[in-house]
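Engineer: Sharing a structure with you now.
The values are calculated or read from the model by the stated rules, or taken from the named source; none is laboratory data. Quick caveat, the model's predicted, so the values are computed rather than measured. When we count neighbours, we look across all protein chains shown, and the Cβ atoms used for this are built from the backbone with ideal geometry, even at glycine. When the accessible area is computed, the model is the full protein with side chains, heavy atoms only, and any ligands, DNA or RNA have been set aside. Shrake-Rupley method; radii C 1.70, N 1.55, O 1.52, S 1.80 Å.
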Amino acid sequence: MVELVAEKHVQYVISVEKKKDSFESVVMEHLRMNGAYWGLTTLDLLGKLQVVDQDEVISWVMQCQHESGGFGGNIGHDPHILYTLSAVQVLALFDKIQILDVSKVTNYVVGLQNEDGSFSGDMWGEVDTRFSYIAICCLSLLHQLDKIDVEKAVNYIVRCKNLDGGFGCTPGGESHAGQIFCCVGALAITGSLHHVDKDLLGWWLCERQVKSGGLNGRPEKLPDVCYSWWVLSSLIMIDRVHWIDKEKLAKFILDCQDLEKGGISDRPDDAVDVFHTYFGVAGLSLLEYPGVKAVDPAYALPVDVVNKILISSS
Amino acid sequence: MDSDDEQTIPLSQRPEWADVKPVPQDDGPNPVVPIAYTDEFRETMDYFRAVYLSDEHSSRSLQLTSEAINLNAGNYTVWHFRRLILESLNADLHEELDFVENIAKKNSKNYQIWHHRRWLAEKLGPDAAFREIEFTKKILSLDAKNYHAWSHRQWVLKTLGGWEDELEYCNQLLRDDIFNNSAWNQRHFVVTRSPLLGGLDAMRDSEVDYTIEAIITYPENESSWRYLRGLYKNDLKSWVNDPRVSSVCLKILSTKTRCIFALSTLLDLICHGFQPSPEYEEAVNALPLQRSDVGPSSSSLAETICSVLEAIDPLRGNYWNWRKEQLPALVT
């Protein structure tokens, strides 16, 4: 089996946003905060976070904060809950959450909860269970979960449960591994996993593994490295990860590496990007691959980072 | 990013923009990750920043957001500002639908487009239902599993209506591809939520017939089997006692097809009290397998099924093994 070329991935992540590849930089510009989270978490999981200048990163992150308390995807961009969680996660990696005005960020997130318990992504009101997860994860990292109506938030997620045990983006929406991660993650963080039909969902999730060993996100779709994260983390949270063939999955992820230049792609022989590099490394972490730090399946941050935060409150 | 854009006149050379001072991107001091932008993108965004910061809601700002969106349809700040301008100018939202439709052709998996579309449809109200149903149909004709399109379509049906032909639309998509899980999900959505069909109770009987036919055509279809099970939601007893469910398992297994879903459905039925006649055992025993894979012949039918599943579906071997360990005492 091919091995993890960790050092090459570190070099790739460091170089990725400096690349003079105009198309990639144009399409990434507005979501640079997500890119920072994917890249920096990859570095931390590989034990190489110290290669970046944390003061510069933190100063940039803080410049992306809007007066409302939310963060934009880059300096000068409007705030959105997607980038607010990434900003909090990046600060968490550097153990710098304390520099935040916690009540300001909290107010922003709390203000996005709707009457039915769901969350909007920003002032324009798009509703999606992704945003429920983000709000819950973000507030939990800030020790402010008690500031929202958790029961209503949980009930909304439960309304998105389907006959196959999975979850969709809104009630009636098709089950999708990415949405399932969000819903199961939110239920895990709020101590509400009893709402999940674990055996039924576990079977649906392990049906996502295809012959190549890779995982897809819905029936009859192609496997993709990103589902190594969405499916695997969900299976771990509901304690059913032994139902898939872990060795075959690890091989699939390792086969998606660019062995020369570093980085991981969606499928073998495709072009690499920082998004799939993160999900590949995080997937290997969940598979307990040697040399990769353990990642928390609900918070999507290294376990030592999460422990430090959660223990600091109690 | 199409080639037409390269021929446009730079903003700095257009008279209508002469009074605006572009505002360059601030990547922070010593940017950690300095970004290389194309010249055209940089200039457009510099002018965009200028009108955004001065909050200029004008038709030239609207035109500028069109150009910025053409360069990067993912930039949500541009879309947000565009909505503010449309509101201030009291613009014709039908024209805006055309604009979105053009962008969507190239970027049908972009969250911003769909969110913008929803905002428009919400403003236009029930009269927009038909056009939105047709719009999603067009996108789904290119990719029948586009999650955004399905999500928008469900929102339109729930909020604006347009249910009349929805079941027939599901039929059509499933005729094109019986494995399309999105279409099966939509079918469940229509059958359980359409105000015109009387709900699941009224629809179950005909839906069971439809699904069984689909299963017989392609037994290795995860979606149709799960749909069949979902038709008996909260009514286990009817599921176990409906002879159509058990006999479709028997029918498929009798053809010596090693069908995972037929076996697992039969297993579930037995676990919930179904009493299989000897034919079922004969069909399972006649499946083409290495006898050594399935253990001693003295085991119960439920145990044999688990062993067969473990042998024919090794990726999920641990799951089937766990199912065997969990078998209720009654069936072992």
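Engineer: Go through (1) within 24 Å of A:Leu163 (Cβ to Cβ); (2) modelled with pLDDT of 95 or more; (3) within 14 Å of chain A (Cβ to nearest Cβ); (4) surrounded by 14 or more Cβ atoms within 10 Å (Cβ to Cβ) for B:Tyr218 and report which single condition fails.
Structural biologist: (4)
Engineer: Only residues that are within 20 Å of the chain's Cα centre (by Cα) and basic (Lys, Arg): list them for segment A:65-121, please.
Structural biologist: Listed by number, the list holds a single entry, A:Lys96.
Engineer: Among the residues of segment A:42-52, is there at least one that is hydroxyl-bearing (Ser, Thr, Tyr), in contact with a helix residue (DSSP H, G or I) (Cβ under 6 Å, 6 or more places away or on another chain) and buried (at least 20 other Cβ atoms within 10 Å of the Cβ)?
Structural biologist: yes
Engineer: Do you know which residues across segment B:256-280 are of a type in the set (Ser, Thr, Tyr), modelled with pLDDT of 95 or more and either open to solvent by 50 Å² or more (accessible area, probe 1.4 Å) or assigned to a loop (DSSP other than H, G, I, E, B) (or both)?
Structural biologist: Matches in segment B:256-280: B:Ser277 only.
Engineer: Return yes when B:Ala202 is away from every other protein chain (no Cβ under 13 Å), surrounded by 13 or more Cβ atoms within 10 Å (Cβ to Cβ) and among the aliphatic types (A, V, I, L, M) and no when it is not.
Structural biologist: In short, no.
Engineer: Please enumerate the residues belonging to segment B:145-163 that are within 13 Å of chain A (Cβ to nearest Cβ) and surrounded by fewer than 16 Cβ atoms within 10 Å (Cβ to Cβ).
Structural biologist: The one that is within 13 Å of chain A (Cβ to nearest Cβ) and surrounded by fewer than 16 Cβ atoms within 10 Å (Cβ to Cβ): B:Lys158.
Engineer: Collect the residues in segment A:184-227 that are part of a helix (DSSP H, G or I), of a type in the set (Gly, Ala, Ser) and either within 22 Å of A:Leu284 (Cβ to Cβ) or at the interface with another protein chain (Cβ under 8 Å from one of its Cβ atoms) (or both), keeping them in residue-number order.
Structural biologist: Scanning segment A:184-227 gives A:Gly185, A:Ala188, A:Gly202.
Engineer: While we're looking at this one, here's another question. Of all residues in segment B:120-164, count the ones that are of a type in the set (Asp, Glu) and either free of Cβ contacts under 8 Å to residues at least 24 places away in the same chain or in a helix (DSSP H, G or I) (or both).
Structural biologist: Selection size over segment B:120-164: 4.
Engineer: Are any residues in segment A:44-70 within 12 Å of chain B (Cβ to nearest Cβ) and in a helix (DSSP H, G or I), and if so, which ones?
Structural biologist: Of everything in segment A:44-70, those that are within 12 Å of chain B (Cβ to nearest Cβ) and in a helix (DSSP H, G or I) turn out to be A:Val51, A:Gln54, A:Asp55, A:Glu56, A:Val57, A:Ile58, A:Ser59, A:Trp60, A:Val61, A:Met62, A:Gln63.
Engineer: For segment A:228-273, give me the residue count where each residue is farther than 18 Å from A:Asp296 by Cα and either part of a loop (DSSP other than H, G, I, E, B) or among the β-branched types (Val, Ile, Thr) (or both).
Structural biologist: 19
Engineer: Can you name the residue in segment A:16-41 that is crowded, with 18+ Cβ neighbours inside 10 Å and among the small types (Gly, Ala, Ser) and is also modelled with the lowest pLDDT among such residues?
Structural biologist: Only one residue fits best here, namely A:Ser25.
Engineer: Further question: Of the numbered conditions (1) open to solvent by less than 50 Å² (accessible area, probe 1.4 Å); (2) within 21 Å of A:Asp245 (Cβ to Cβ); (3) modelled with pLDDT under 95, B:Asp293 satisfies every one except a single condition; which is it?
Structural biologist: (1)
Engineer: Considering only segment B:71-90, state which residues are more than 22 Å from A:Glu126 (Cα to Cα) and either within 12 Å of chain A (Cβ to nearest Cβ) or in contact with a strand residue (DSSP E or B) (Cβ under 6 Å, 6 or more places away or on another chain) (or both).
Structural biologist: Across segment B:71-90, the qualifying residue is only B:Leu71.
Engineer: Go over the candidates A:Ile244, A:Ile264, A:Ile238 one by one and state the one that is at the interface with another protein chain (Cβ under 10 Å from one of its Cβ atoms) and open to solvent by less than 20 Å² (accessible area, probe 1.4 Å).
Structural biologist: Just a single option satisfies the conditions, and that option is A:Ile244.
Engineer: Residue check: is A:Val13 among the hydrophobic types (A, V, I, L, M, F, W, C), open to solvent by less than 20 Å² (accessible area, probe 1.4 Å) and modelled with pLDDT of 95 or more?
Structural biologist: In short, no.
Engineer: Follow-up. Among the residues of segment A:76-83, is any open to solvent by 10 Å² or more (accessible area, probe 1.4 Å), at negative phi, in contact with a Phe, Trp or Tyr (Cβ under 6 Å, 6 or more places away or on another chain) and of a type in the set (A, V, I, L, M)?
Structural biologist: No, segment A:76-83 contains no residue that is open to solvent by 10 Å² or more (accessible area, probe 1.4 Å), at negative phi, in contact with a Phe, Trp or Tyr (Cβ under 6 Å, 6 or more places away or on another chain) and of a type in the set (A, V, I, L, M).
Engineer: If a residue has to be more than 8 Å from chain A (Cβ to nearest Cβ) and either open to solvent by less than 10 Å² (accessible area, probe 1.4 Å) or acidic (Asp, Glu) (or both) to count, how many in segment B:173-185 make the cut?
Structural biologist: 5
Engineer: Would you mind telling me which numbered condition in (1) assigned to a helix (DSSP H, G or I); (2) surrounded by fewer than 20 Cβ atoms within 10 Å (Cβ to Cβ) B:Cys170 fails?
Structural biologist: Result: B:Cys170 fails condition (2) only.
Engineer: Pick out the one residue from B:Tyr232, B:Tyr227 that is assigned to a loop (DSSP other than H, G, I, E, B) and among the hydroxyl-bearing types (Ser, Thr, Tyr).
Structural biologist: Unique residue meeting the criteria: B:Tyr232.
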